Amino acid sequence: MTDFDSLSINTIRGLCMDAVQKAKSGHPGTPMGIAPVAYTLWQQYLRFDPTDPIWPNRDRFVLSEGHASALLWSLLYLTGVRAVDPDYEVLGPAVTLEDLRTFRQLGSHCPGHPEYHLTSGVEATTGPLGQGVSMSVGMAISGQWLAARYNRNDATLFDFDVYALAGDGCMMEGISSEAASIAGHQQLSNLCWIYDSNRVTIEGHTDITFTEDVAARFLAYGWNVTTVADANNLDAIRRAIQSFKAETARPTLIVVHSHIGYGSPLEDSPKAHGAPLGAEAVKATKRMFGLPDDKDFYVPDGVRDWFEGGIGARGQATRAAWEATFKEYANAYPDLADEVERMQRRELPAGWDAVLPDFPADPKGLATRDSSSQVLNQLAEAVPWLLGGSADLAPSTKTLLRFEGAGDFQPDERGGRNLHFGVREHASAAIANGMALTKLRPYWSGFLIFSDYARGAIRLSALMEVPVVHIFTHDSIGVGEDGPTHQPVEQLASLRAMPGLFVFRPADANEVVETWRVVGALRHEPAALVLSRQSLPTLDRSVLHGAEGVERGAYVLADPPSGGTPDVLLLATGSEVALALSARDELAADGIGARVVSMPCWELFDRQPREYRDEVLPPAVTARVGIEQASTLGWDRYVGPAGAVIGMDTFGASAPLKQLLTKFGFTPERVTEVARALVAEQPRRAGTPQPTAPPPAAGPATAPPPTGKDPQ
């Protein structure tokens, strides 16, 4: 080490110890052990400009062991990374020394785990172990795809590398195995995982549970594997990184043997993992590192200048050269340059939705997975950076892009638009997140029942506010003979419970069109499309209200045939909307006026002004029936105390669809029976408090809308 190498590494260690100690919570040991590796990567190799942390061809660094966030906050501070506002303007420092002093406190830009939407320089929200490395695979896929589409013989726009720093926990999580397997198959030579093997987790040393040969496992995946025996050996670290840089056909795993809590009295102890070291231990460790033990958050003179002359100077020069290349590129290839610029702003091509079809009325109709397939293919032709795949279910989810030139993304065809994720739902969603973080518009698909496998990654897409499209088919007991193992019941309610996720369950082909129109325009919200396997009638919009009401989440599809104030409201989503229409006609024959309300997206409806919500669901009409082949959880907010819900409170059964519909009450007869009873009871319930439409989801008293803060 040079004097400044050693001083910089120990400064990082000191800041991490102090931040955790002052917060009285956090994880000091991991940053202390792995600091030399992070320092070497950032100071000597990472192509990253702290003064412009969002330039498109920067190398990506993902802290997958997100509990070591103090390490990242220290690096962002010492390198002078600038903040970026929602309009992509570069502002002041992303992390100040005061932020470090208020680590893990309300309002600090240094939260307990890295948060993408909060702090510039954070490439991905991490903390749930394994997610970061899995998202890095999506970033690396994006890098390869971007290079194939936009690079030319006379101009290289994209050749960035992706680094992910992972720990023992990341290696244990199943999602990392899924992602590593895909990366090995895809030969992602621009991907480097650094495995911080300190052999400690919360319960103790890893020999109580984790004794496999990780290096051998990754060799079996087809990775280049190299080892650094001592995390403090900078020459060995450099050789390992250079091995990655020289590799052209495989992703690289660098196994680094480190010591948790290095230099402290708690070195190699599980006690150094998840709690402050203690004031006396911090002082002793500072003395060992040659730092003054009476100064907290101490940054020696010259350290920040040292970083500025290293990563700062290299990053600015690399970014300036890229911008000069892009300027010439824009003159030579203006259409492609326009795509790149729009992509970076999360915008779509002008007139992108002009290609959306209009489906004619058809009583036989088609499954919403089929109409979605048609719309998706037309959209993907209009939006070149819309791409994705399925967890080995494309023939069933109907998400294959079939137009000429779509192709498959493979090692020998990097421009392909179809990704084959294999039977790996969790990795599929995480990889899609990584692709969205590089500004592509990704989708992935699977059966709704298996959304549970991917829930952790779906949640992160909402937390990061990135517009991933999660497509789920086989949406209900309509799966039929496959039985309760494949019939989703609680999944819709579970997805709707997730803040920031728009969940759509369209009723027919034209609601599918309007769903995609809404989803395509999203910039900071992910969406889940929940689609049917069975055919649904394409509703006759000449006698019903138009499907454009989807943009408001719920809308009046049909009022009583006789006009006037309805006696009862029939509220439904998806396949049950046609059922509600049939019940409306039967009720009309009995002189009962029913309004049918289609509610494809509760989250959008809850954001509408109260005037609109009361217009759709008049507070004076207390007889309300919610109809959905899913858990009844949540429907009470719309049907109120005087209403009823026809839904699922048990698992399904293995039987033909028609038998299931009868067994569970999804028939016009059952709906009309419930509606008649509610209407008959209304006089007796005159004293019952009348329900009103739920309050908007956005507002200081409820869940806030997306911040729109996209620091990347």
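The values are calculated or read from the model by the stated rules, or taken from the named source; none is laboratory data. Bear in mind the structure is a predicted one, so any value in this text is a computation, not a measurement. A quick note on method: Cβ atoms are made from the backbone with ideal geometry, for glycine too, and the neighbour counts reach across all protein chains shown. Keep in mind that these areas ignore ligands, DNA and RNA; they rest on the heavy atoms of the full protein, side chains included. Shrake-Rupley method; radii C 1.70, N 1.55, O 1.52, S 1.80 Å.
In table form, for the structure just shown:
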read-out: Residue-span extension gain [Ala677 to Asp614] - 0.36 nm each, minus C-alpha spacing; value: 20.3 nm
read-out: Packing rank of 316-324, 218-226, 432-440, where each peptide gets the mean count of other beta carbons within 10 Å, highest leading; value: 432-440, 218-226, 316-324
read-out: On Cα atoms only, tilt of 509-521 relative to the major axis of the chain in degrees; value: 30
read-out: Difference of contour (0.36 nm per residue) and Cα-Cα distance, Ile202 to Ala220; value: 3.6 nm
read-out: Mean Cβ count within 10 Å, highest first, over the residues of peptides 255-262, 621-628; value: 621-628, 255-262
read-out: Percent of beta bridges antiparallel (DSSP, the chain, rounded to nearest 5); value: 20
read-out: Peptides ranked, highest mean first, by Cβ atoms within 10 Å: ranges 279-291, 58-70; value: 58-70, 279-291
read-out: Dipole of the stretch 216-343, positive end: most advanced residue of Gly222, Ile311, Val340 [Cβ charges, Cα centre]; value: Gly222
read-out: Pairs of Cα atoms farther than 21 Å apart, the stretch 275-378, %; value: 70
read-out: The stretch 85-220: antiparallel DSSP beta bridges as a percent of all, rounded to 5; value: 35
read-out: The stretch 257-272-the stretch 608-635 distance, computed between alpha-carbon centres (Å); value: 57
read-out: On Cα atoms only, tilt of 29-44 relative to the major axis of the chain in degrees; value: 80
read-out: Inter-centroid distance (Cα atoms) of the stretch 351-378 relative to the stretch 407-482, Å; value: 21
read-out: Entries of Lys22/Lys271; Lys271/Lys439; Lys245/Lys327 with Cα pairs more than 29 Å apart; value: Lys271/Lys439
read-out: Average accessible area per residue (Å²) across the stretch 426-470 - probe 1.4 Å, nucleic acids and ligands excluded; value: 17
read-out: Cα centroid of the stretch 43-117 to Cα centroid of the stretch 300-336, whole Å; value: 18
read-out: Dipole magnitude (debye, nearest 20) for the stretch 1-108, charges at Cβ of Lys, Arg, Asp, Glu; value: 380
read-out: Charge dipole magnitude, Cβ of K and R +1, D and E -1 - the chain, Cα centre, debye nearest 20; value: 500
read-out: Selection from Leu604, Ser428, Thr397, by position along the positive dipole direction of the chain (Cβ); value: Leu604
read-out: Potential lengthening between Asn331 and Arg152 on full extension [0.36 nm per residue; Cα-Cα distance subtracted]; value: 63.1 nm
read-out: Degrees between helix 279-289 axis and first principal axis of the chain (Cα, 0 to 90, nearest 10); value: 50
read-out: Residue-normalised accessible area of the stretch 219-315, expressed per residue, 1.4 Å probe, Å²; value: 46
read-out: Whole-number accessible area per residue in Å² for the stretch 338-417, which is evaluated in the context of all protein chains at 1.4 Å; value: 43
read-out: Spacing of the two label points (7 Å from each Cα toward its C-beta) at Asp159 and Glu490, in nm; value: 5.2
read-out: Given charges at beta-carbon only (K, R positive; D, E negative), |dipole| of the stretch 511-556 in Debye; value: 100
read-out: Residue-averaged 222 nm ellipticity for the chain, from DSSP H runs of 4+ at -39500 (n - 2.57), nearest 500; value: -11500 deg cm²/dmol
read-out: Computed E for Glu347/Glu669 - FRET, C-beta separation, R0 45 angstrom, nearest 0.05; value: 0.35
read-out: Selection from His524, Ser542, Ala554, by position along the positive dipole direction of the stretch 515-563 (Cβ); value: His524
read-out: Rounded percent of accessible protein surface that carbon and sulfur make up, the chain, 1.4 Å probe; value: 51
read-out: Descending Cα extents along the principal axes, the chain, whole Å; value: 90, 58, 46
